Amino acid sequence: MKILTKKEALNIIDTAYLASLSSLIWLALYYLPIGGALFRIILPLPIILLHLRRGTKTALEGLIIQFLLLLIIMGPVRGTLFLFPYGILAFWLGWCWFKEKNWLISFSGGVILGTIGFFIRVAALSTLVGDNLWIIITKASFGLIDKFIEIFNLPFSPTIKIIQLGAILLIIFQEMVYVLTIHILAYSLFPRLNSSIPNPPKILSSLVDLNP
């Protein structure tokens, strides 16, 4: 392939470096025993930054390169799990901010994709380990509901439907916190990298204002 312009060269360099960086973060998240929460937060940022700098086509190429790289290194299951929800979420947020969509659109879509991705991951990992991981999640939900009932001395016992609903609500809440954290981090960090995202709604302005 012959490179004709400086823009094409920069597209190739940015794609290679940012896709590789995101792959390294995924490997660290998967294999290192510490720093999982931090790696999980910053994992979507390289592809989002690529999207903001080079546009949708280049971001899609970067996502495909990362997917193929992880597929070779980690195998079909672990490599593919990157897409659900991190890769798809990164592409969605990058597209929204590249098109200057407001936070309501990017946040709502991100929570939906994150929630769907979580269930896909649970199903895939359950198949991989040969055990139903949803049982562990429902047990955690039961423990939380039981503790709530004990604290407030409520006169009822949770049914299986309430426990399942509690588990789903916990997952959605977790994704809401996660996606909002990515918004705040990107809003504070990207301007220093010569990129930016749309301003937050007024109700969140004081929360994301990290200037002293």
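The values are calculated or read from the model by the stated rules, or taken from the named source; none is laboratory data. As the structure is a computational prediction, the values presented were derived from the model and not from experiment. Quick reminder, even Gly has a Cβ in these numbers, built from the backbone with ideal geometry, and neighbours come from all protein chains shown.
Name the residue that is surrounded by the most Cβ atoms within 10 Å (Cβ to Cβ), counting only residues in segment 1-49 that are touching a residue at least 40 places away in the same chain (Cβ under 8 Å) and hydroxyl-bearing (Ser, Thr, Tyr).
22
Taking segment 58-81 as the search range and keeping residues that are buried (at least 18 other Cβ atoms within 10 Å of the Cβ) and polar (S, T, N, Q), which one is nearest to residue 24 (Cα to Cα)?
For segment 58-81, the residue satisfying everything is 66.
Please verify whether segment 192-203 includes one or more residues that are surrounded by 16 or more Cβ atoms within 10 Å (Cβ to Cβ), of a type outside the set (Phe, Trp, Tyr) and touching a Ser or Thr at 6+ places or on another chain (Cβ under 9 Å).
If we filter segment 192-203 for residues that are surrounded by 16 or more Cβ atoms within 10 Å (Cβ to Cβ), which is where we start, we get 195, 197-198, 200.
From the residues that got through so far, the ones that are of a type outside the set (Phe, Trp, Tyr) too are 195, 197-198, 200.
Next, only the ones that are touching a Ser or Thr at 6+ places or on another chain (Cβ under 9 Å) stay: 197-198.
Yes, that holds for at least one residue.
Of the numbered conditions (1) closer than 22 Å to residue 37 by Cβ; (2) of a type in the set (S, T, N, Q); (3) over 22 Å from the mean Cα position of the chain (by Cα), residue 132 satisfies every one except a single condition; which is it?
With (1) closer than 22 Å to residue 37 by Cβ; (2) of a type in the set (S, T, N, Q); (3) over 22 Å from the mean Cα position of the chain (by Cα) applied to residue 132, the lone miss is (1).
Within segment 82-191, which helices (runs of 4 or more DSSP H) (wholly inside it) include 3 or more residues that are modelled with pLDDT under 95 and either on the phi > 0 side of the Ramachandran plot or surrounded by fewer than 17 Cβ atoms within 10 Å (Cβ to Cβ) (or both)? Spell out the reasoning first.
Details: elements: 86-98, 103-129, 133-152, 160-189.
The helices (runs of 4 or more DSSP H) meeting that bar are 103-129, 133-152, 160-189.
Could you grab me the full set of residues in segment 1-44 that are in a helix (DSSP H, G or I) and of a type in the set (S, T, N, Q)?
Step one: list which residues in segment 1-44 are in a helix (DSSP H, G or I), which gives 6-31, 36-42.
Those that are in a helix (DSSP H, G or I) and of a type in the set (S, T, N, Q): 11, 15, 20, 22, 23.
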